[in-house]
Structures are given as structure tokens and as C-alpha cells.
1. Would you check which residues across segment 11-41 are open to solvent by 80 Å² or more (accessible area, probe 1.4 Å) and either in contact with a helix residue (DSSP H, G or I) (Cβ under 8 Å, 6 or more places away or on another chain) or not in a helix (DSSP H, G or I) (or both) and list them?
2. Would you please name the residue that is nearest to I15 (Cα to Cα), looking only at residues in segment 45-91 that are buried (at least 18 other Cβ atoms within 10 Å of the Cβ) and in contact with a His (Cβ under 8 Å, 6 or more places away or on another chain)?
3. Taking I81, is it assigned to a loop (DSSP other than H, G, I, E, B) and farther than 22 Å from E138 by Cα?
4. Does segment 95-111 include one or more residues that are modelled with pLDDT of 90 or more, of a type in the set (S, T, N, Q) and more than 13 Å from A14 (Cβ to Cβ)?
Amino acid sequence: PEIHNLVAYHSSQAIEKLLKLFVKEKNEELYETVSRTHNISEILIKLEFCRRGFVDRHKDIALNSDVITRMNRLRYGDGQISRDECYTVLTMAKNLCYEYLREHKYETKDSGYDMGEEDRPPQYHLRDVRRMMNDMDELGR
């Protein structure tokens, strides 16, 4: 269905923007080289240069970088994504988002949350999620 395409497209956009944000925080000059690209592989190469081990921690994104890059076409109705593919890219985006939030020590409502527990996402305060989104918005300018 069309909703799977929309969710997959926006999830791929979240992945792209978060990867760029990770680059920008470590190296402004490298960020300038990827700021206008949509190629996930290219962004990951720069990211690995300034954040050793990042690709190893995110093998799912690295192995699917070409597919994630091609998801840009979904916004124009090109192609069809299955429910499982949609869920997979959404999960990748969610995990990347949580990593950003953890690294920046955003508060969680659930103080007993164990970061190693993958099945249950932390409940972040909306103000913290909004702050992260503002960081991401700055990349689009």
C-alpha cells in the first residue's frame, strides 16, 4: 500500500539526516562534502572517517545503503515497498535516532530503562525530541 511507501521514504530521510548530523558534529569540513548528497554509502564513508567503528555498529544500514538511497524515489510513487521492508527501514531509523538521543544524554521519562534492552524504546520527553528535530532542521537550511 501507499502508506508503506510513505513510511519507508520518511524513514530513509530520517536516516540520511541523522547520518549527516553525526558527521557535522565531528567534522564541519567533512559535513560540507556530504551536505548536498543523498547517497547513504558516501555519507557512511565520511562518517567512518570521523567516527571510527560507526559502520560496524550499523551494519544493517551499511549493507542496505543502496536500497535506502533509492527510497528517495518512493516520494514520487516509483516502486512499491512491502510491509516487512517498511518495518525494517523504520527500525533502522528508530535505532539511529535512539543512538543520537543516548549520546546527547537526553532525559528519559523512564529512569529505570536499561539501554541494552532492544524491545522497548525509551520514552523521551517531547522537548528533547523537539530539540533533536531542531538540530536536524538546521541541516536542511
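1. K26, R36, H38
2. Once the filter is applied, the top-ranked residue is T69.
3. Here the answer is yes, as I81 does meet what is asked.
4. No, segment 95-111 contains no residue that is modelled with pLDDT of 90 or more, of a type in the set (S, T, N, Q) and more than 13 Å from A14 (Cβ to Cβ).
The values are calculated or read from the model by the stated rules, or taken from the named source; none is laboratory data. Computed from a predicted model, the values in this text were never measured in an experiment. Heads up, the Cβs are rebuilt from the backbone with ideal geometry, glycines too, and the neighbour counts pull from every protein chain shown. Quick note on the areas: whole protein, heavy atoms, side chains included, nothing else; ligands and nucleic acids left out. Shrake-Rupley method; radii C 1.70, N 1.55, O 1.52, S 1.80 Å.
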